[in-house]
1. Distance in nm between label sites at Asp122 and Asp31, each 7 Å beyond Cα in the beta-carbon direction?
2. Mind telling me which of Trp198, Trp98, Trp133 comes out most flexible in a GNM of the chain, alpha-carbon contacts under 10 Å?
3. Can you compute the helix-only [θ] at 222 nm over the chain? Use -39500 (n - 2.57) per DSSP H run of at least 4 residues, normalise by all residues, nearest 500 deg cm²/dmol.
4. Would you order Leu192, Leu143 from fewest to most other beta-carbon atoms within 10 Å of each residue's own beta-carbon?
5. Could you calculate the contour length gain from Gln107 to Tyr297, that is, 0.36 nm times the residue separation minus the distance between their Cα atoms, to one decimal place in nm?
6. Please say if the chain is rounded, prolate or oblate, where rounded means a/c under 1.5 for a ≥ b ≥ c the square roots of the C-alpha gyration tensor eigenvalues, and otherwise the choice is prolate for a/b larger than b/c and oblate otherwise?
7. Eight or more residues apart or on different chains, and alpha-carbon atoms under 30 Å: count the Lys pairs in the chain matching that.
8. Output the relative contact order of the chain, whole-number percent, from Cα pairs under 8 angstrom with separation of 6+ residues.
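Please treat every number below as a calculation from the coordinates, not as lab data. Since we're looking at a predicted model, the values are computed, not measured. Glycine gets a Cβ as well: all are built from the backbone with ideal geometry, and neighbour counts include every protein chain shown.
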Amino acid sequence: MISVKDVARAATVAAMVLLAAGAVQATITIDTVPVGNPGNAGELSGAGAGGVGINRICGAVAYTFNIGKFEVTAGQYTEFLNAVAKADTYGLYNTNMWSHAAGCKIQRTGSSGNYDYSVAPDWANRPVNYVNWGDSARFTNWLTNGQGNGSTETGAYSLNGAVSNEALLAVVVPSAAQRATWSNGAKPYFLLTSEDEWYKAAYHKNDGVTGNYWDYPTSSNTAPGRDMADPLPGNNANYYTGASPYPIDSGKYTTVAGEFENSDSPYATFDQGGNVWEWNEAVIGSYRGLRGGSFDYFDGLLHAAFRSSDFGYPAGGFYNIGFRVSEVPEPATMSLLVLGGLGMLMRRRSVRG
């Protein structure tokens, strides 16, 4: 039986093989899942819900969208760097990716104008880290513009060279109405998730147009464990407990995409709890939004009520921060994906009872 991890690994390996075989540029594939039930109600997140942070009703989304099934991987980000960062004008590469013990092991060689990037095989299918909000937004613009030599400065976000905290905080994010307009267009748009999109995909019970949510993004109201064997019914994630093993995976701080293959959200996303924090579009004071906790934080930060971003400076990139993408696909693609998503939901319900 082919596992979720095998599918995710195959996509990364395929891109790397194309590059090794002499292809001018590999094309990466972002594996997405549909998030339906448009018009669902949200719920309170923050201090008023027993968590941390400024109160906000989260999770209500009026349109159907796709979301990355996994966090963006180091292998995918390496292809992005090789396509657009030969001179690295916008500082898309962080040397800590290679040198830090918890880095995602992307290495840069050569000189400006001729930089080349490679990723250690054991890390290619683990999440990229040391990426800031601007790096992540540029990645999504590049996807929208067809990869290859596609622009990083235009797309869902008009970045216009923005690299500072102030400039990145000022970047206008597309409204729900704009996203809905794009769904009638001729091409897909890739974005960072809005906070509501991220929250819905992680916690909503996928039970129609409701306001019903789980507490954790592993389809559970009970804090997850850390069992990498992840036996049914699942409910495990990569986070910190103070107990061994740490790092969790034979000395590696992050786990591969889909490692906890029985611990997905109701919409079939993986690792929205733990592994690495994930950027979203929210602006909270002087910070951009982060959600989901990481390998070096306790399980309370995986909870739906945790809404603090007190280290999310948009120009800052750390060892415990990555991202996943959202997509507004073209209409024909959406119809097929929704049908596929309904079939997937029926299979999941038959397994979980």
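1. Modelled inter-label distance: 2.2 nm.
2. Ranking Trp198, Trp98, Trp133 by mean-square fluctuation puts Trp98 first.
3. -7500 deg cm²/dmol
4. Ordered from fewest to most neighbouring Cβ atoms within 10 Å, Leu192, Leu143 come out as Leu143, Leu192.
5. Details: separation 190, 0.36 × 190 = 68.40 nm, distance 2.65 nm.
The Gln107-Tyr297 span can extend by a further 65.7 nm.
6. Numbers: a/c = 1.31, a/b = 1.20, b/c = 1.09.
Note, shape of the chain comes out rounded.
7. Close lysine pairs under the 30 Å cut-off: 19.
8. 23 percent
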